[in-house]
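Where a number appears in this text, it was derived from the coordinates with a stated rule and is not lab data. Owing to the predicted nature of the structure, the values given are computational and were not obtained by experimental measurement. As a convention, Cβ positions derive from the backbone with ideal geometry for all residues, glycine included, and neighbour counts pool all protein chains shown.
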Amino acid sequence: MKQVHKFGGASIASAEQLIQTASIIEQLPQREQCTVIVSARGKTTNALEEILHLYLQRDSLALTKLEELKRDHLHWMQSIFSGGVPSELDDTINNLFVEIEWAIEDEPRDDYGFEYDQIVSMGELISSAVLSGYLRARGVPHALVDARDWLKTDNRYRNARILWPETMQAASQFLRADHLIISQGFIGCTSENFTTTLGREGSDYTAAIAAKCLEASGVTVWKDVPGIMTADPKQNPDASFISHLNYREAIELAYYGAKVIHPKTLHPLIETKIPLTVRSFVQPELSGTTIDATEATPPESVIQKEGQFLVSLRKNTLGFVDDAMLTQVLTELQELGLESRMLHQSAVTLSIVMNDPGPQKEHLLNRLRKTYRVTYNENLELITIRHGGSETLAKWSEKPGVLLEQATRDTFQILLKPTPSRE
């Protein structure tokens, strides 16, 4: 049976980590039946985003930052290949950086999403080429398959939707060989052969798509943590390990911002009942967390999301919030590739919490100000508690600076304000 394994950016961030990842891949049971999906290395995506933003501002510093990123990757490669980087791989990586250089020397289009996908997607192409080159040097038979050959999408840049019939057909051609396959996460391709991306942290989603196409027996996502925890241990030292979750609870945790799994990842797996396991590449001997259709008592979980953005809207006439207003505002968010994390509605005010919109902020505010009175807050923290006991709920309810509070049967959310409101 086919198996899909996904390795994130942390698993190849340093030479030692990439070598450890290659060792795990080499020792996979029935390796010839495995497809490996790999993310961009470490903080490469962030660096490419910075280069993109400088380029869009026509700042010459973009080329300087690109050269810094290239030097960093070349140093990384030299550390991996103690006997010298193979010339073919060296040429491949240099050519990929030249492609980025050419892109940022052109006049930018008005379409931010398009420019984002053409530039930021290069991180995965670079990392997969290096991992493939190292496996080849170790004598591990495999094929490096460009994800854009098999993952077909629409042209909704930065958050592309999968064209399932086309993807299923292409995957049957490119992913069904009886040997190890290495491919990229996060990226796809339109019918016009333009690169698209699936949203930040979309590599997990890519692994799930591949698993559905292959009718795989399982997906393993390799992380730098032992599995899923009841909270982020960096923020909460009392966090405990969760050995098993059912699909529904895992989706809820992912939606509210748990860092381990991308929110869209589980949907393709649920349809085909493919289990997902989260394991540690640092401690591969551990069994990790399994997510499947088996019912289980959900644990109390706390999810803390910093860098949140709150926008509150009122009609200029102080009219009621109605379905038409909701539809129009959510459509504005969708068109800018933004997603709400919390909605709160009073008689005359609609409040929406989302991740920091970054360079899209002014576009969003300008659009909304055409119709509504707009107030916003930045750098907020959204706390989501699932299945919280009275002691936990009381602890968070007493925090200062509460902007919003919302509760359902299973979920309690509170938005905290460390900065003043601005108009």
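Assorted remarks:
- Selected from V321, V225, V311 as most flexible by GNM, with the chain as the system and alpha-carbon contacts under 10 Å: V321
- Long-range HN-HN contacts of V225 with modeled amide H, under 5 Å: F281
- Around K65: net Lys/Arg minus Asp/Glu count, Cβ-Cβ under 15 Å: -4
- With a simple spin-label model that places each label point 7 Å from the Cα along the Cα-to-Cβ direction, the separation between Q78 and Q27 comes to 3.1 nm.
- Cα-based equivalent ellipsoid of segment 287-363: semi-axis lengths in Å, sorted from largest, via gyration tensor: 32, 17, 13
- Across segment 230-236, rounded Karplus estimates of 3J(HN,Hα) from the backbone phi angles (6.51 cos²θ - 1.76 cosθ + 1.60, θ = phi - 60°) give 6, 6, 6, x, 6, 9, 9 Hz, Gly and Pro being marked x.
- Computed over the alpha carbons of segment 1-146, Rg followed by Dmax gives 16.1, 51 Å.
- When the C-alpha to C-alpha distance is required to be over 24 Å, the pairs from K70/K259; K315/K361; K305/K370; K43/K259 that qualify are K70/K259; K305/K370.
- Ordering V38, V348 from the fewest to the most neighbouring beta carbons within 10 Å gives V348, V38.
- Note on K399/I19: beta-carbon distance plugged into 1/(1 + (r/R0)^6) with R0 of 60 Å gives a FRET efficiency of 0.85.
- Sites E107 and K234 - FRET efficiency at Förster radius 35 Å, r taken between beta-carbons, to 0.05: 0.25
- When shorter helices are ignored and each DSSP H run of at least 4 residues is given -39500 (n - 2.57), the per-residue value for the chain at 222 nm works out to -11500 deg cm²/dmol.
- For segment 108-117, the Karplus equation 6.51 cos²θ - 1.76 cosθ + 1.60, evaluated at θ = phi - 60°, returns couplings of x, 6, 6, 7, 4, x, 4, 4, 4, 5 Hz by residue, with Gly and Pro reported as x.
- For segment 381-399 versus segment 104-170, the spacing of their alpha-carbon centroids is 40 Å.
- Test item: Cα-centred dipole of segment 301-416, Lys/Arg +1 and Asp/Glu -1 on Cβ, debye: 260 debye
- DSSP bridge analysis restricted to the chain gives an antiparallel fraction near 65%, rounded to the nearest 5.
- FRET efficiency estimate (nearest 0.05) - Cβ-Cβ, H363 to E391, R0 45 angstrom: 0.55
- Straight-distance crosslink candidates among lysines, where the alpha carbon sits under 16 Å from K273 and sequence neighbours closer than 8 are dropped: K2, K212, K264
- Relative to the dominant Cα principal axis of the chain, helix 122-137 is inclined by about 30°.
- Radius of gyration and Dmax over the Cα atoms of the chain, both given in Å: 22.3, 72
- From phi via Karplus (6.51, -1.76, 1.60), per-residue ³J(HN,Hα) for segment 143-154 in Hz, x at Gly/Pro: 10, 8, 10, 5, 4, 5, 6, 10, 9, 9, 9, 7
- Length gained when the stretch T297-T375 is fully extended (0.36 nm per residue, less Cα-Cα span): 24.0 nm
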